[in-house]
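The structure under discussion appears below in the form of structure tokens.
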Amino acid sequence: MKKEINIFEFPFNLGLTKKEHETEPGVRKLPDWLRKHNFHAKLHPKNILRLNGPDYAMDFDEETQVKNPDRIIEYAQKQSDLILKNYDKSTLNVIIGGDCSILIGTAIALKKLGNFGLFYLDGHTDYIPPELSSSGGVAGMDLAIVSGMGHQKLTNIRGLRPYFIEENIFCVGNAETDDEDYVNQVINSSVHYYDLESLRKNGFSKTAEDFLKMVQQKGLDGFFIHFDVDVLNDQIMPAVDSRTEDGIDYNNLREILTPLIENDQCFGIEITILDPDYDKQGVYTKAFVENLTQIIKK
């Protein structure tokens, strides 16, 4: 990994619905938690930039049928502006959430820069309309929103809809395959979809290479990696908002991410959903930091 690194911290949790025992989702603590466990120090970033999030709320909006849309939109625009002001082509941008709704702000920035691909590595598809969401949390619909599905207040910020074209998206790693209505949304789209079983059959490095071939063949301006840590097997990463028993291991992760991050067209990677409140001793975080920093710095 020869590029310099910028770290962007987006401690934002308004895309999640808190559990009954929670005061608020703990994912907003992730940037400070990773710093405490030497993630930043191991990457030796050129710059560290931060946009603090607003106070937590669960305000359901009848018009959009989601929670907290106005604050999510406001934050996404500020996030986009911060990225555009501070990126350059010689850097790899490592973006730390926060919940998955931070993808919206990055997507707006990338749409302003050109036509980008998205490698969406996640234990869920997050590709559903609001009417299929039991929680109304935008973090469970972010892939749909960035590809144009949902209310225009969220999908057409600054008149940029869609932020990513469906044909330029790989959705990889979904382990929640029992709900037919849920899965059919992405199957019936133009998104390239590999659930966990399909990913294993196709091969981890091959799936990444297939994505890179698409980026090259379509002449895209670059691509971005979304990495929700709930794609990892529950035995190595249970500290997430929505746990699934199955998932990939760190060797699989290395096979997937290495060719992507080493590619010159990689704009960056975002890390979401690791909740420090569910890893009080840092046992899972320490292994996570060790493995991911090795992949990024290779």
Fill in the blank from the handout: FRET efficiency for ASP88 and ASN184 from the Cβ-Cβ distance with R0 = 35 Å, rounded to 0.05, comes out at 0.30
Completion exercise
Between the modelled labels at ALA41 and ASP221 (7 Å from Cα along Cα→Cβ) the distance in nm is 3.8 nm
Exercise for the section: Enumerate the amide H contacts of ILE128 below 5 Å, restricted to partners 5 or more residues apart or on another chain; note that Pro and chain-start residues carry no placed amide H. Expected result: ALA144
Practice task
Output the pairs from LYS112/LYS206; LYS112/LYS213; LYS19/LYS280 with a Cα-Cα distance over 25 Å in this structure; if there are none, say none.
Solution key: LYS112/LYS206
Handout entry: Residue-normalised accessible area of the chain, expressed per residue, 1.4 Å probe, Å²
Key = 41 Å²
Practice task
Return the carbon/sulfur percentage of the accessible area of the stretch 64-124, one whole number, probe 1.4 Å, all protein chains in place.
Solution key: 47 percent
Fill in the blank from the handout: Shape descriptor, the stretch 148-274: equivalent ellipsoid semi-axes (Cα gyration tensor, sqrt 5λ, whole Å, largest first) stand at 23, 20, 15
Exercise for the section: Be a star and scan the stretch 25-43 for residues whose amide nitrogen sits under 14 Å from the point 7 Å along the Cα-to-Cβ vector of ASP277. Expected result: 25-30
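Pairs to check: LYS3/LYS111; LYS78/LYS111; LYS89/LYS111; LYS85/LYS218; LYS18/LYS78. Give those whose C-alpha atoms are more than 19 Å from each other in this structure. Present the calculation step by step, with values, prior to reporting the outcome.
Working: LYS3/LYS111 22 Å; LYS78/LYS111 15 Å; LYS89/LYS111 15 Å; LYS85/LYS218 27 Å; LYS18/LYS78 24 Å.
In this structure, LYS3/LYS111; LYS85/LYS218; LYS18/LYS78 exceed 19 Å between Cα atoms.
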Exercise for the section: Quick one: Debye curve from the alpha-carbon atoms of the chain only, equal weights, vacuum; give me log10 I(q)/I(0) at q = 0.07, 0.09, 0.10, 0.15 Å⁻¹ to two decimals. Expected result: -0.22, -0.37, -0.46, -1.18
Practice task
Give, in whole angstrom and from largest to smallest, the semi-axes √(5λ) of the equivalent ellipsoid of the stretch 108-148, with λ running over the eigenvalues of the Cα gyration tensor.
Solution key: 22, 12, 7
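Tally up the carbon and sulfur contribution to the accessible surface of the stretch 1-57 as a whole percent, 1.4 Å probe, everything protein left in place.
Values: 1330 of 2810 Å².
Summing carbon and sulfur atoms, their accessible area is 47 percent of the total for the stretch 1-57.
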Exercise for the section: Take the solvent-accessible surface of the protein heavy atoms, probe 1.4 Å, and return the percent of it on the stretch 160-298 that carbon and sulfur atoms account for. Expected result: 40 percent
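The values are calculated or read from the model by the stated rules, or taken from the named source; none is laboratory data. The structure displayed is predicted, hence computed values, not measured ones. A quick note on method: Cβ atoms are made from the backbone with ideal geometry, for glycine too, and the neighbour counts reach across all protein chains shown. Heads up: the accessible areas ignore ligands, DNA and RNA and are worked out on the full protein's heavy atoms, side chains in. Shrake-Rupley method; radii C 1.70, N 1.55, O 1.52, S 1.80 Å.
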